[in-house]
């Protein structure tokens, strides 16, 4: 609940500051910007007293950035600015993933979402003339209804989240990760020294099949790859099939057809390409 | 309600973050008329479970959450490709991607 209050106050303070930048009158501008800055800095100082570790601080700061950018994606007016705010959301999420020790997820978020999806959106924004959308291009509808629906969704899910207090935190970590993470994060201990002094329960875990003895030790990406290609091979292949279907479907849907006479032009190209066998039809063509 | 300092980024905090992200995406999905913005909001909503999966994966010390997050990101890429292709083909038909001009798709 404290975190929720923190996020709401920080995001609100940022938008008060930003609203101050847009105000015409100079005194109101100064007052609004000062108010927003005081709210942001003061609440960050007040709530952040207990944050001592760098990764916690990084997660809070980056999630605040992601929420601010997400608010701008939802309520912004200009398309390119909204797309760039979505890029900011993806960059913040990549940072959050790295802070959660999911480096591979951070990298593929950068590569796929920030690299591919945003570029696709910007490309489409370039192709489509948004001025032809009418007098109000991104006119909103049902804004209050949407806000109420989002509020209800948030309240319901937050009730579920706060209702399960401590149950997730109480679950003990599985054994095999503990061992492998000790392999991975043993400070100053390489695999050679660790393998020499393998304890009895680690040897039992290896013999029971929970830990592969040749599991690589450095970094979490290799663990993820190991899981992905051993235990989750079939879902991975099915996902690649889905990607193939998506690519083929996107090409088929987005292909530029010659309007009205696609069939005729198709027979023409077929006859023209098959000159060896269909030379007679080619001669009959006027 | 007691206001305590934020001393730990517990999974409940991560869950609050992803719930806020999901609610923001829903608001954008409902209030936008432009189909491109609708796609952006769907992208925003799809990032919420990814964040939650990764946070819980880190908390519970398994890699299964990261694997599922990889699958969700794959689906996100496929959805972006197909959605953008559909938007382009709709734009070719009627020179508009406003949802108000495509009420015929309601069925």
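Using label points projected 7 Å from each Cα along Cα→Cβ, tell me how many nm separate residue B:100 and residue B:61, to one decimal.
For the pair residue B:100/residue B:61, the computed spacing is 5.7 nm.
Rounded to the nearest 0.05, what FRET efficiency is calculated for residue A:29 and residue A:80 with R0 set to 30 Å and r the Cβ-Cβ distance?
0.75
Express the C-alpha Rg of chain B as a ratio against the empirical globular expectation 2.2 N^0.38 Å, rounded to two decimals.
On the way: Rg = 17.9 Å, N = 107, 2.2 N^0.38 = 13.0 Å.
Chain B yields a ratio of 1.38.
Based on alpha-carbon centroids, what's the gap between region A:230-258 and region B:39-107 in Å, whole number please?
14 Å
Which order, highest average first, do A:119-126, B:80-87, B:23-30 follow once you tally other Cβ atoms within 10 Å for each residue and take the mean per peptide? Show your work: numbers first, answer last.
On the way: A:119-126: 16.2, B:80-87: 21.1, B:23-30: 24.4.
For the peptides A:119-126, B:80-87, B:23-30, the packing ranking is B:23-30, B:80-87, A:119-126.
Sorted from largest down, give the three principal axis spans of the alpha carbons of region A:1-100, whole angstrom values.
Sorted largest first, the three principal extents are 44, 33, 21 Å.
On a 0 to 90 degree scale, rounded to 10, what angle separates helix B:11-31 from the longest Cα axis of chain B?
10 degrees
So how far apart, in nm, are the two label points at residue A:143 and residue A:1 if each is 7 Å from Cα heading toward Cβ?
My value for the distance between the label points is 3.2 nm.
Give the average, rounded to an integer, of partner chain Cβ atoms located within 10 angstrom of each Cβ in B:36-45.
Across the residues of B:36-45, the mean count of other-chain Cβ atoms within 10 Å is 6.
Mind checking the angle between helix B:64-94 and chain B's longest principal axis? C-alpha axes, 0 to 90 degrees, to the nearest 10.
20 degrees
Given a Förster distance of 41 angstrom, what is the FRET efficiency for residue A:15 paired with residue A:245, based on the Cβ-Cβ distance and rounded to 0.05?
After rounding to 0.05, the efficiency reads 0.50.
Residues in region B:40-63, backbone N under 12 Å from the label point at residue A:123 (7 Å along the Cα-to-beta-carbon vector): list them, ranges by number please.
none
Give the average, rounded to an integer, of partner chain Cβ atoms located within 10 angstrom of each Cβ in A:227-235.
Values: counts 6, 5, 0, 0, 3, 6, 0, 0, 4.
Counting Cβ atoms of other protein chains within 10 Å of each residue's Cβ and averaging gives 3.
Quick note: the coordinates plus some simple rules give every number you see, no bench work behind them. Treat the numbers as computed from the prediction; the structure is a model and nothing was measured. Every residue, glycine as well, gets a Cβ built from its backbone with ideal geometry; the counts of neighbours run over all protein chains shown.
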